[in-house]
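Beneath this line is the structure, given in structure tokens, with notes to follow.
The values are calculated or read from the model by the stated rules, or taken from the named source; none is laboratory data. Note that the coordinates shown come from a computational prediction; the quantities given were computed from them, not determined experimentally. Cβ: placed from backbone, ideal geometry, glycine included. Neighbour counts: every protein chain shown. Just the protein is used for accessible areas: all its heavy atoms, side chains included, with ligands, DNA and RNA removed. Shrake-Rupley method; radii C 1.70, N 1.55, O 1.52, S 1.80 Å.
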Amino acid sequence: MKLAMIGFGQAGGKIVDRFLDYDDRTGSGIVRAAIAVNSAKADLIGLDNIPQENRVLIGQARVKGHGVGADNELGAEVAEEDIDEVQNAIDSIPTHEVDAFLIVAGMGGGTGSGGAPVLAKHLKRIYTIPVYGLGVLPGTDEGGIYTLNAARSFQTFVREVDNLLVFDNDSWRQTGESMEGGYDQINEEIVRRFGILFGAGEVGEGQEVAESVVDSSEIINTLSGGGVSTVGFASEDVEVNSSGGLLSRFTGDGGGDDSLDAANTTNRITSLVRKAALGRLTLPCEIEGTERALLVLSGPSEYLNRKGIERGRKWLEEETGSMEVRGGDFPRGEPEVAAAILLSGVTNVPRIKRLQQVAIEAQDNIDDIQQDSSENLEELVEDDEDELEPLF
């Protein structure tokens, strides 16, 4: 699948930058064009892979390149005012070669959380190709203002895109790690999961063609109908012996290629699918009631057992209750067998309910604090009014 990726805000820019690095490392060719948009000049300078001409600074008249300070209403305003600046960069994208737009943004800050929905609305008005969002939720320990931003942005973003893929930082931060190290690991996890998903079906010269190809239309059909999506992932290593043949923990035996056991491999693939669906999703949720799903098994072709993939797809169909479960294989030279599962149209998401509840409480607290602050200031000033005269 060929994507035009637009990273909006600090988190969005870093993730798109990492996608370009992934493309370079794996030769997946997912990113047809990449743009970074920000109101903070320093964040744009810190990128490594996005071309300089595709880095767009917005809001210069309002914030002078210093960012919007976690004010996502201001972020939305500067995006509206400078949408032509962003469009100028998008005009250089050969959209006839692109399957979809993907707008990537952190939803807890100011620029991305406010500006990404504005851009989505703008792109949908102009282009006929799908416009997807990849929104990153802040951790619950990041503070009330970021939770409030995320809840308001989520509510708006999901309405403006054709589908919102969500990654929840709260489920992935590990205790004891540094802020920078934590986000680097999270960004790599995002890129790995979505890279395999969007890269399925791409075949370069000399590469093997899948038995059951997952092309861009399969992904688009799975994401059709809107709503919220999450991605599951699981992998097992494939080892290479000294003579160049493949040995595999995946098969459970010590033989090479000739000793691959079909029944064993089938069972292992089914187990991998279950692990991907029931393990740590990008957005934790109950998979029952999922509207549509897509299963991609990637790895060396000799380990991609057709029967196992079909059995895994049937199991996923039963677990989700969906009649629209697509599946296929993605032969890759990487020394692992991986299952990536896209669950689209999920609705039983406790994390979103909690996010909205905390945001409402945060909003009430902010209103109370502002009211108390105004009253306290009035009392402070009035204490001296009898003895002092104001200047004017």
- Residue hits (segment 125-144; among the β-branched types (Val, Ile, Thr), out of contact with any Gly (no Cβ under 8 Å at 6 or more places or on another chain) and either under 15 Å from ALA362 (Cα atoms) or in contact (Cβ under 8 Å) with a residue 40 or more places away in the chain (or both)) are THR140
- Of the residues ASP257, ASP261, ASP237, ASP253, which is farther than 30 Å from ARG159 by Cβ, under 28 Å from the mean Cα position of the chain (by Cα) and modelled with pLDDT under 95? ASP237
- Message: Looking for something surrounded by fewer than 21 Cβ atoms within 10 Å (Cβ to Cβ) and part of a loop (DSSP other than H, G, I, E, B) - is there at least one such residue anywhere in segment 108-115?
- Response: no
- Task: Being in a loop (DSSP other than H, G, I, E, B), acidic (Asp, Glu) and over 18 Å from GLY13 (Cβ atoms) is the filter here, so list the residues in segment 79-96 that pass it.
- Result: ASP91
- In segment 314-329, is there at least one residue being part of a helix (DSSP H, G or I) and open to solvent by less than 10 Å² (accessible area, probe 1.4 Å)? yes
- Scan segment 308-326 for residues that are of a type outside the set (A, V, I, L, M) and more than 16 Å from ALA338 (Cα to Cα) and jot them down. LYS314, TRP315, GLU317, GLU318, GLU319, THR320, GLY321, SER322, GLU324, ARG326
- Could you please let me know if ILE341 is within 20 Å of SER224 (Cα to Cα), of a type outside the set (D, E, K, R) and in a strand (DSSP E or B)? yes
- Message: Give me the residue from segment 18-51 that is within 18 Å of the chain's Cα centre (by Cα) and among the basic types (Lys, Arg) and, out of that set, farthest from ILE83 (Cα to Cα).
- Response: ARG18
- Message: Looking at the structure I just gave you, is ARG274 open to solvent by 30 Å² or more (accessible area, probe 1.4 Å) and part of a helix (DSSP H, G or I)?
- Response: yes
- Task: List every residue pair whose Cβ atoms lie under 6 Å apart, where the two residues are 6 or more positions apart in sequence or sit on different chains, the first residue falls within segment 338-354 and is among the hydroxyl-bearing types (Ser, Thr, Tyr), and the second residue, located anywhere, is open to solvent by less than 10 Å² (accessible area, probe 1.4 Å).
- Result: SER344/THR222; SER344/LEU223; SER344/SER229
- Message: Here is a check on your reading of the model: is THR156 open to solvent by less than 50 Å² (accessible area, probe 1.4 Å) and under 16 Å from ALA362 (Cα atoms)?
- Response: no
- Those residues of segment 295-313 which are part of a helix (DSSP H, G or I) and within 18 Å of THR222 (Cα to Cα), in sequence order: ILE309, GLU310, GLY312, ARG313
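Every residue, every condition in (1) touching a residue at least 40 places away in the same chain (Cβ under 8 Å); (2) open to solvent by 20 Å² or more (accessible area, probe 1.4 Å); (3) within 23 Å of ALA120 (Cα to Cα); (4) assigned to a helix (DSSP H, G or I), yes or no:
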site: LYS14; (1), (2), (3), (4): yes, yes, yes, yes
site: ARG18; (1), (2), (3), (4): yes, yes, yes, yes
site: GLY29; (1), (2), (3), (4): yes, yes, no, no
site: ALA42; (1), (2), (3), (4): no, yes, no, yes
site: ILE50; (1), (2), (3), (4): yes, no, yes, no
site: GLY69; (1), (2), (3), (4): yes, yes, yes, no
site: GLU73; (1), (2), (3), (4): yes, yes, yes, yes
site: GLU77; (1), (2), (3), (4): no, yes, yes, yes
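So is LEU294 of a type in the set (A, V, I, L, M, F, W, C), closer than 26 Å to PHE198 by Cβ and at pLDDT 95 or above or not?
Working: of a type in the set (A, V, I, L, M, F, W, C): yes; closer than 26 Å to PHE198 by Cβ: yes; at pLDDT 95 or above: yes.
The answer is yes for LEU294.
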- Determine if segment 80-89 includes at least one residue that is at pLDDT 95 or above and buried (at least 23 other Cβ atoms within 10 Å of the Cβ). no
- Within segment 122-130, can one find any residue that is open to solvent by 30 Å² or more (accessible area, probe 1.4 Å), more than 18 Å from the chain's Cα centre (by Cα) and among the aromatic types (Phe, Trp, Tyr)? yes
